[in-house]
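Q: Got a structure for you, written out below as structure tokens; questions coming shortly.
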Amino acid sequence: MVQPITEDQIPLQIIKLLKDSKKKEFQELLTELQPYDIARIYEGLPEKHHTRFLLFLSSEQIAELIQELENEQQLKVLTKLGIEKSGQVMDLMDNDDLASLLQDLSPDKIEELLSGMKKEESNIVLNLMNYEPETAGRLMTNRFVWIPQHYTVRETVNKLKEFAEFSETINYLYVIDNGKKLVGVVSYRDIILAEENEKIKDIMYNRVVSVTVDTDQEEVARFIERYDFLAIPVVEDNVLVGIVTVDDIIDVVIREANEDIEKLSASGKAIDFDTKAVVAAYRRLPWLILLLFIGVISGTIISSFEDTLAQVVALAFFMPMIAGMTGNTGTQSLAVVVRGLISRDINKPVVLKLIFREFKVSLLIGLTCAILIFIIAVVWRQDAILGIVVGSSLFITLIIGTMAGTVIPLLLYKLNIDPAVASGPLITTLNDILSLLIYFGIATMFISKLM
């Protein structure tokens, strides 16, 4: 047996075993590792060792490894394997993951990769690719256990034993009638507790929560979150065609969250650790240039109040504080709304409740901050009028900023526009303009008392 080694030593040990052609010891080392860990080791190895590393793996191990890699790396691995070997590996991969991998390739490349697969498996992948992206049909897998409603518990257990390795999950068994229509569901727990001669139709749940093939993936995520499912059946004309498992939904949630963060930060497209500097700059520049021109408006507002600033210089000290706090509270409200739109069913009562809640929040925050800034102004400048100007300005702008961050994304949602495009920087800039107008407007009204 291979002696225990530290995590840092594993890559070096693997390279040594590859060089010495010690396949048995190589496999013994991998038995202690998860597919994710093996994938990270593979990525960390020098490129010259990749081909030999793959040759030391079985088709099953490569299938598990490849599903832990990014799309670009997956395609590189399949190319290294050749058509015949890659076909064997793709036969073992989850069909939904394979459909996702192939969706952005050219028809010729798709045909080339699928040519090495079993005809039945490749047809399933092509069928999945016919469904719209980001729907249940595209996410679902055909690797699940279904049973006829006339089966006994004994017959069900026998089938379960036969197909357990094939299925992505055996927590739920889906029951169909003679027309393959979904009529019930029974849990693995129910099967264990039932008598072996009982009929499945007598112990199954008749009310089955399901989604259709064209259900949006975010709606599928809501169903799984709402009911705490590990999987949910997918139907087409009430015929059971697949299931969506919770691991796929976790990937969806993470991907959607990343997309929303990109939009909220005004980067628009994905920028990660590996993105080149030129590409990252190119993706960020359009929004930032737009915000630059919008920011000119802020400068124009300040310049139009030069006389007010010249007469009461202390106003300049509080100006960035008010603008910054207003922009921040607007962005916070925006984040709350975007998260809510993803996780909640939106209707008029929910919207009104949210707006009223955020208004109350803005009153509490505004009042608290206004009192604090009033005290600071009085203690620092011994000027109660300055405190009233700064405090009232902050109170009003915090209310406006919070409501802007709440109402704008809701309006966009109502217009069927992705609310995340109401990016944080855009709302911050808008609030900057409003806060400056309010601040200097109130200051100008009180200018005679401030001097």
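The values are calculated or read from the model by the stated rules, or taken from the named source; none is laboratory data. Since this is a predicted model, take the numbers as computed values, not measurements. So basically every Cβ, Gly included, is an ideal-geometry build from the backbone, and we count neighbours across all protein chains shown. Note: areas computed on protein heavy atoms with side chains; ligands, DNA, RNA excluded. Shrake-Rupley method; radii C 1.70, N 1.55, O 1.52, S 1.80 Å.
Q: Every residue in the stretch 111-123 that is crowded, with 19+ Cβ neighbours inside 10 Å, in a helix (DSSP H, G or I) and out of contact with any Ser or Thr (no Cβ under 7 Å at 6 or more places or on another chain), please.
A: 122
Q: Let me ask something else. Of all helices (runs of 4 or more DSSP H) completely enclosed by the stretch 1-51, which ones contain at least 3 residues that are more than 23 Å from residue 72 (Cα to Cα), in contact with a helix residue (DSSP H, G or I) (Cβ under 9 Å, 6 or more places away or on another chain) and among the polar types (S, T, N, Q)?
A: Fully inside the stretch 1-51 and qualifying: nothing.
Q: Would you please name the residue that is nearest to residue 341 (Cα to Cα), looking only at residues in the stretch 379-407 that are free of Cβ contacts under 8 Å to residues at least 24 places away in the same chain and crowded, with 17+ Cβ neighbours inside 10 Å?
A: Only one residue tops the list, namely 391.
Q: List pairs: first in the stretch 174-203 and under 18 Å from residue 234 (Cβ atoms), second assigned to a strand (DSSP E or B) and among the small types (Gly, Ala, Ser), Cβ under 7 Å, 6+ apart or cross-chain?
A: Note: pairs meeting the criteria are 175/184.
Q: Another question, then. Could you list, ordered by first residue, the pairs with Cβ atoms under 8 Å in which the first is in the stretch 16-28 and over 21 Å from residue 47 (Cβ atoms) and the second is assigned to a loop (DSSP other than H, G, I, E, B) and open to solvent by 70 Å² or more (accessible area, probe 1.4 Å), at least 6 apart or interchain?
A: Cβ pairs passing all conditions: 28/1.
Q: If you go through the stretch 179-228, how many residues are under 21 Å from residue 168 (Cβ atoms), open to solvent by 70 Å² or more (accessible area, probe 1.4 Å) and part of a loop (DSSP other than H, G, I, E, B)?
A: 2
Q: Then there is this: Would you check if there is a residue in the stretch 371-385 being in a helix (DSSP H, G or I), in contact with a Lys or Arg (Cβ under 9 Å, 6 or more places away or on another chain) and over 30 Å from residue 221 (Cβ atoms)?
A: Checked against the condition, which is being in a helix (DSSP H, G or I), in contact with a Lys or Arg (Cβ under 9 Å, 6 or more places away or on another chain) and over 30 Å from residue 221 (Cβ atoms), the stretch 371-385 yields at least one hit.
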